[in-house]
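Enquirer: Take a look at this one; I'll ask things after.
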Amino acid sequence: MKEIVFATNNRHKLEEVREILSKSYKVLSLKDIGCFDEIPETAETLEGNALIKAKWVFEKYGFDCFSDDTGLEVDFLNGAPGVYSARYAGENATFKDNYLKLLDALSSAGDSQRNARFRTVICLIKRGKSFYFDGIVEGKIATYISGDQGFGYDPVFIPNGYQETFAEMGMDLKNRISHRALATEKLANFLLTSD
């Protein structure tokens with residue numbers, strides 16, 4: 001089975017992606033290849049951060065690699081937290097810190113002003129060339145926390161067409177409809193047809 005590196009040590013992300021690519025690729029994490037570097041995410045865009053991480057692994061470790069960056073974009077907040085989603089409440093913020101700050105920022109927003117989207121951008125570096133794949137899920141921010149599955153902003157994000165948050169719906173369904181799943185499906189299709 002072919003191997004490819006996913007530039008992450010995030011267990012949740014790794015599980016989602018391994019499930020999608022498992023039929024055709026063995027997906028290795030940074031830990032699997034002995035990479036314990038603190039890879040900087042200094043770009044102003046999701047595309048830029050994804051490129052930095054994938055390029056780092058390709059150039060320093062010699063593996064074909066893909067990386068993702070994901071942002072939650074809230075209309076009422078002019079697209080924030082966006083590229084800063086993981087550190088919205090500060091550099092060492094927990095998932096809970098971030099979504100509580102978000103709920104607080106939206107405390108004056110009416111129901112019609114809670115529209116948001118999750119956007120994932122994957123950058124693949126294969127044989128030195130870079131390719132991009134994106135996935136977007138439209139939805140809204142709930143008024144309260146609900147559910148205990150998933151991670152990040154899952155307990156407060158309700159995708160369009162559903163009544164429950166990502167954290168309530170279970171990983172099987174989330175893995176079929178999420179922003180990361182959509183981007184990863186595009187990546188998978190590309191990998192299968194480009195070999």
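Enquirer: Which one of these does residue 112 not meet: (1) farther than 30 Å from residue 193 by Cβ; (2) part of a loop (DSSP other than H, G, I, E, B)?
Expert: Just one mismatch for residue 112, condition (2).
Enquirer: Mind counting the residues in the stretch 104-147 that are surrounded by fewer than 16 Cβ atoms within 10 Å (Cβ to Cβ), hydrophobic (A, V, I, L, M, F, W, C) and more than 15 Å from the chain's Cα centre (by Cα)?
Expert: 1
Enquirer: If you don't mind, another one. Tally up the residues in the stretch 1-57 that are surrounded by fewer than 16 Cβ atoms within 10 Å (Cβ to Cβ), farther than 24 Å from residue 178 by Cα and within 17 Å of the chain's Cα centre (by Cα), please.
Expert: 2
Enquirer: Among the strands (runs of 3 or more DSSP E) lying completely within the stretch 1-94, list those that include at least 2 residues that are hydroxyl-bearing (Ser, Thr, Tyr) and over 25 Å from residue 193 (Cα atoms).
Expert: Passing ranges: none, list empty.
Enquirer: Can you tell me how many residues within the stretch 51-84 are in contact (Cβ under 8 Å) with a residue 40 or more places away in the chain and either more than 21 Å from residue 138 (Cα to Cα) or touching a His at 6+ places or on another chain (Cβ under 9 Å) (or both)?
Expert: 14
Enquirer: Further question: Part of a strand (DSSP E or B) and either among the small types (Gly, Ala, Ser) or in contact with a helix residue (DSSP H, G or I) (Cβ under 7 Å, 6 or more places away or on another chain) (or both), is that true of residue 147?
Expert: For residue 147, the condition - part of a strand (DSSP E or B) and either among the small types (Gly, Ala, Ser) or in contact with a helix residue (DSSP H, G or I) (Cβ under 7 Å, 6 or more places away or on another chain) (or both) - is not met.
Enquirer: Name the residues in the stretch 165-194 that are under 10 Å from residue 150 (Cα atoms), hydrophobic (A, V, I, L, M, F, W, C) and under 14 Å from the mean Cα position of the chain (by Cα), would you?
Expert: 166
Enquirer: Please go through the stretch 146-172 and give me each residue that is free of Cβ contacts under 8 Å to residues at least 24 places away in the same chain and closer than 27 Å to residue 1 by Cβ, ordered by number.
Expert: 172
Quick note: the coordinates plus some simple rules give every number you see, no bench work behind them. A quick note: this is a predicted structure, and the numbers were derived from the prediction, not measured. Quick reminder, even Gly has a Cβ in these numbers, built from the backbone with ideal geometry, and neighbours come from all protein chains shown.
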